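Enquirer: Once you've had a glance at the structure underneath, I'll fire off some questions.
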Amino acid sequence: MLIEKMVLDRILEQRRSIRQFDITELPEEKLEAVIEAGRLAPFAGLVQKNTDSFRHFFVIHRDSETAAKLKALCEEARHEEVIRIEALGLGQKYPEAAKIAKAISEKPANDIFISPWLIVIAERGGLPQREEVCLGYIMENMWLKATEMELAFKICSGVSDIKNKDGLKELFGLPMDEVYAFDACNIGYPLNPITERREHEKPVKSIKYFR
């Protein structure tokens, strides 16, 4: 029995990373509509018991002082990653990845801001540790909402790669005695019209029932 595709199915099929953004800035209403989708994402109820202040969104303009400080933290992380790769001898096993990591570390982290606005999400952790998983829920919700609104969306892994969590907490005014996981995304208008995506790579369909 075939099930008719719904609106959500079409959004799921069209979701993708957009790497070219228009310079036109999104109005706050659209930014906050996407953020609201992230706010509604699932969270670890046991970890966040008796509080509602565990999820934070920071909207950063690429020309702001905060953007410059965030890029500095990204550059620091990239230098540290090159040192780690060399110390563990990973360059021999992953030569292409090591080469790219070194090349990126030698440039300013201007690629962090490929759109006028970057949204950084901070999810507080605890026991059991579920903050990284919850960030995945948040990002997916925001991505699907952006797709529905025909906006360009690109995850910024450079922020989640930052090991200096204290530096991020200080930058965003978060409690230093708490644990947080961070992720980020670029969001804006696409430079070119988003065409319908008919074919794209996806995992091979693999379902196994245990009855």
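The values are calculated or read from the model by the stated rules, or taken from the named source; none is laboratory data. Predicted model, so just to flag it, every value in this text is computed and none were measured. Quick reminder, even Gly has a Cβ in these numbers, built from the backbone with ideal geometry, and neighbours come from all protein chains shown.
Enquirer: Could you tell me how many of the residues in segment 154-170 are of a type outside the set (S, T, N, Q), surrounded by fewer than 18 Cβ atoms within 10 Å (Cβ to Cβ) and under 24 Å from V34 (Cβ atoms)? Step through it out loud before you land on a result.
Expert: The first filter runs over segment 154-170 and keeps only residues of a type outside the set (S, T, N, Q), leaving 154-156, 158-159, 161-163, 165-170.
Checking which are surrounded by fewer than 18 Cβ atoms within 10 Å (Cβ to Cβ) leaves us with 155, 161, 163, 165-167, 170.
Then keep just the ones that are under 24 Å from V34 (Cβ atoms); that gives 155, 161.
Selection size over segment 154-170: 2.
Enquirer: Taking M142, is it part of a loop (DSSP other than H, G, I, E, B) and at pLDDT 95 or above? Step through it out loud before you land on a result.
Expert: Numbers: part of a loop (DSSP other than H, G, I, E, B): no; at pLDDT 95 or above: yes.
Judged against the criteria, M142 is not a match.
Enquirer: When you check S64 against the structure, is it of a type in the set (G, A, S) and more than 22 Å from I187 (Cα to Cα), yes or no?
Expert: Working: of a type in the set (G, A, S): yes; more than 22 Å from I187 (Cα to Cα): no.
In short, no.
Enquirer: Which condition from (1) without any contact (Cβ under 8 Å) to a residue 12 or more places away in the chain; (2) in contact with a helix residue (DSSP H, G or I) (Cβ under 6 Å, 6 or more places away or on another chain) is the one that D63 breaks?
Expert: Result: D63 fails condition (2) only.
Enquirer: Give I11, I3 a once-over and let me know the one that is farther than 30 Å from A98 by Cβ, surrounded by 12 or more Cβ atoms within 10 Å (Cβ to Cβ) and of a type in the set (V, I, T). Show your work before the answer.
Expert: Working: I3 fails: surrounded by 12 or more Cβ atoms within 10 Å (Cβ to Cβ).
It is I11.
Enquirer: Hey, another quick one. Just to check your reading of the model, which residue among F57, F21 is closer than 21 Å to F182 by Cα, in contact (Cβ under 8 Å) with a residue 24 or more places away in the chain and either in contact with a Ser or Thr (Cβ under 6 Å, 6 or more places away or on another chain) or surrounded by 13 or more Cβ atoms within 10 Å (Cβ to Cβ) (or both)? Before you say what the answer is, go through the steps one by one.
Expert: Numbers: F21 fails: closer than 21 Å to F182 by Cα.
Residue meeting the stated conditions: F57.
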